[in-house]
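Reading through the structure tokens given below for one structure.
The numbers here are math on the coordinates, done by the rules we state, and not lab data. It should be emphasised that the depicted structure is a prediction, and the values quoted were computed from it without experimental measurement. Counting neighbours? That spans all protein chains shown, and the Cβs are built from the backbone with ideal geometry, glycine included.
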């Protein structure tokens with residue numbers, strides 16, 4: 001990567017990830033509400049002239065891994081039965097996938113800029129699920145991750161996303 005290019009850089013993602021989490025909203029998922037931080041970052045997403053942004057194999061694989069990990073714990077999270085240890089383990093799985101996405105990113109700069117909103121909410125969710133903010137719950141972190149997963153499907157062209 002050329003030094004002049006900022007896309008896929010950890011520095012720019014870190015700036016997004018440390019932005020304050022504002023707002024609260026409810027996300028519907030298969031008839032179940034997830035309450036918590038709505039992810040002000042994903043609210044900034046835009047389509048590419050009315051079309052979804054292109055993806056690459058690394059992004060699709062990483063997001064599928066994040067969704068699979070989240071879906072495995074979703075029932076316990078929704079029921080309020082997810083333990084602190086389980087939240088921490090989920091956070092680690094998500095963080096590992098995000099790191100792989102960032103390390104292997106091949107998106108064009110405009111698509112990558114939009115992806116940073118998703119990554120920012122995922123990383124904020126990871127921090128909250130680890131208990132990183134006493135003013136917010138681990139559940140709030142899971143809600144951020146959930147919102148980022150929903151937004152990914154709405155704004156990025158991943159043919160497998162709707163089929164899984």
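What is the Cα coordinate range of the range 44-164 on the first, second and third principal axes, sorted by size from largest, in whole angstrom?
Sorted largest first, the three principal extents are 40, 29, 25 Å.
Can you order the peptides 144-156, 85-97 by their average number of other Cβ atoms within 10 Å per residue, highest first?
Ranking, from highest mean packing down: 144-156, 85-97.
Under a point spin-label approximation (7 Å from Cα along Cα-to-Cβ), what is the residue 76-residue 56 distance to one decimal in nm?
Output for this residue pair reads 3.4 nm.
At q = 0.21 Å⁻¹, what is the log10 ratio I(q)/I(0) for the range 125-164, with the Debye formula run over Cα points and no solvent?
Results for the range 125-164 at q = 0.21 Å⁻¹ read -0.63.
Round to the nearest 0.05 the FRET efficiency obtained for residue 47 and residue 88 when R0 = 41 Å and r is the Cβ-Cβ distance. Intermediate values should be presented prior to the final figure.
Numbers: r = 35 Å, r/R0 = 0.85.
Computed FRET efficiency for residue 47 and residue 88: 0.75.
Can you give me the orientation-averaged projected area of the convex hull built on the Cα atoms of the range 79-147, in nm²?
Projected over every direction and averaged, the Cα hull of the range 79-147 covers 4.8 nm².
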